[in-house]
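For reference, the structure is listed below as structure tokens.
The values are calculated or read from the model by the stated rules, or taken from the named source; none is laboratory data. Just so you know, these numbers come straight off a predicted model, no measurement behind them. Please note: Cβ atoms are built from the backbone with ideal geometry, for glycine as well, and neighbour counts cover all protein chains shown.
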Amino acid sequence: MDNNIKMYWEQRLDECRKSLEENNFKTYLANDCKDAKRIVIEDILPQITVKTVSWGDSLTFHATEILDEMRRNPEIVVLETFAENVPREEIIERRRQALLTDLFFTGSNAITETGKLVNLDMVGNRTGAITFGPLNVVIFAGRNKIVPDVDAAMKRIRSYAAPANAIRHSSLDTPCIKTSRCIDCNSPDRICNSLTITEKSYPKGRIRVVLINEDHGL
């Protein structure tokens with residue numbers, strides 16, 4: 001049964017890959033997070049010049065363990081934008097500087113079968129970097145992020161991804177933390193502030209998407 005499911009998703013992911021490629025996203029298929037890391041190291045990094053790296057909050061990105069690889073590379077400066085015991089003002093400034101890096105890693109809240117990226121952000125550092133700034137962007141996405149269209153993407157984000165993300169941040173206080181449901185709140189801690197729908201990569205190939213044949217992230 002597991003092999004049948006894997007084959008099912010191989011077909012689904014390949015169809016999504018073709019749609020992303022038609023929209024100018026350079027797209028890769030990975031069997032798992034270990035394979036996704038290999039793709040970055042062996043296929044992506046040799047194609048680009050990387051001296052500075054940063055990232056946006058993503059469970060899937062962390063699951064690949066590529067950040068540890070970047071930190072071990074003496075030729076790469078990793079801009080730490082989620083460091084502990086650092087004043088909030090400094091973190092925000094680092095996130096602004098992250099928009100000038102050579103390479104930015106993150107995930108996506110949803111990817112449509114028509115090849116569009118849909119993301120909803122609190123601060124905007126993640127959506128901002130996907131849109132403009134870093135010379136190269138690599139997005140990791142598990143197969144659970146694939147949805148039919150933008151409407152389905154928004155439903156997925158509002159009904160699941162956003163409340164679940166709020167719950168995993170213990171410092172926040174939003175209604176969805178208590179109810180697991182979005183009520184389109186006005187909380188000061190609201191994480192749903194910046195919505196982007198990336199229909200195409202510009203320039204072509206600036207955004208690379210690694211689709212992983214496993215469920216990962218929220």
### Query
Quick one: how many residues across region 166-197 are in contact with a Ser or Thr (Cβ under 7 Å, 6 or more places away or on another chain) and of a type in the set (S, T, N, Q)?
4
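In contact with an Asp or Glu (Cβ under 6 Å, 6 or more places away or on another chain) and either buried (at least 17 other Cβ atoms within 10 Å of the Cβ) or at pLDDT 95 or above (or both), is that true of residue 142? Give the steps one after another, and end with the answer.
On the way: in contact with an Asp or Glu (Cβ under 6 Å, 6 or more places away or on another chain): yes; either buried (at least 17 other Cβ atoms within 10 Å of the Cβ) or at pLDDT 95 or above (or both): yes.
For residue 142, the condition - in contact with an Asp or Glu (Cβ under 6 Å, 6 or more places away or on another chain) and either buried (at least 17 other Cβ atoms within 10 Å of the Cβ) or at pLDDT 95 or above (or both) - is met.
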### Summary
For region 184-211, pairs from a residue that is part of a loop (DSSP other than H, G, I, E, B) and modelled with pLDDT of 95 or more to a residue that is surrounded by fewer than 18 Cβ atoms within 10 Å (Cβ to Cβ) and of a type in the set (Gly, Ala, Ser), with Cβ under 9 Å and 6 or more apart or across chains, are 189/171; 193/124
#### Entry: Filtered residue count, region 155-172, keeping only those that are surrounded by 12 or more Cβ atoms within 10 Å (Cβ to Cβ) and free of Cβ contacts under 8 Å to residues at least 40 places away in the same chain
8
### Task
Only one of these is surrounded by fewer than 19 Cβ atoms within 10 Å (Cβ to Cβ), out of contact with any His (no Cβ under 7 Å at 6 or more places or on another chain) and small (Gly, Ala, Ser): 54, 19, 58. Name it.
19
### Task
Look through 63, 30 and report the one residue that is over 24 Å from residue 121 (Cα atoms), modelled with pLDDT of 95 or more, of a type in the set (Gly, Ala, Ser) and crowded, with 19+ Cβ neighbours inside 10 Å.
30
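Which of the following residues is touching a strand residue (DSSP E or B) at 6+ places or on another chain (Cβ under 9 Å), charged (D, E, K, R) and over 21 Å from residue 47 (Cα atoms): 88, 126? Before you say what the answer is, go through the steps one by one.
Details: 88 fails: touching a strand residue (DSSP E or B) at 6+ places or on another chain (Cβ under 9 Å).
Matching residue, one of 88, 126: 126.
So which residues in region 181-201 are loosely packed, with under 13 Cβ neighbours inside 10 Å and either within 14 Å of residue 122 (Cα to Cα) or of a type outside the set (A, V, I, L, M) (or both), if there are any at all?
Going through region 181-201, the residues loosely packed, with under 13 Cβ neighbours inside 10 Å turn out to be 181, 183-184, 186, 188, 193.
If the condition is that a residue be loosely packed, with under 13 Cβ neighbours inside 10 Å and either within 14 Å of residue 122 (Cα to Cα) or of a type outside the set (A, V, I, L, M) (or both), then 181, 184, 186, 188, 193 are the ones that fit.
Of the residues 59, 67, 103, 99, which single one is within 26 Å of residue 211 (Cβ to Cβ) and in contact (Cβ under 8 Å) with a residue 60 or more places away in the chain? If you could, list the steps in order and put the result at the bottom.
Values: 67 fails: in contact (Cβ under 8 Å) with a residue 60 or more places away in the chain; 103 fails: in contact (Cβ under 8 Å) with a residue 60 or more places away in the chain; 99 fails: in contact (Cβ under 8 Å) with a residue 60 or more places away in the chain.
Result of the check over 59, 67, 103, 99: 59.
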#### Entry: Residue check for residue 41: within 16 Å of residue 209 (Cβ to Cβ), β-branched (Val, Ile, Thr), surrounded by fewer than 16 Cβ atoms within 10 Å (Cβ to Cβ) and modelled with pLDDT of 95 or more
no
### Task
Filter region 167-179 down to residues that are over 17 Å from residue 121 (Cβ atoms), over 22 Å from the mean Cα position of the chain (by Cα) and outside any helix (DSSP H, G or I), then give me how many there are.
1
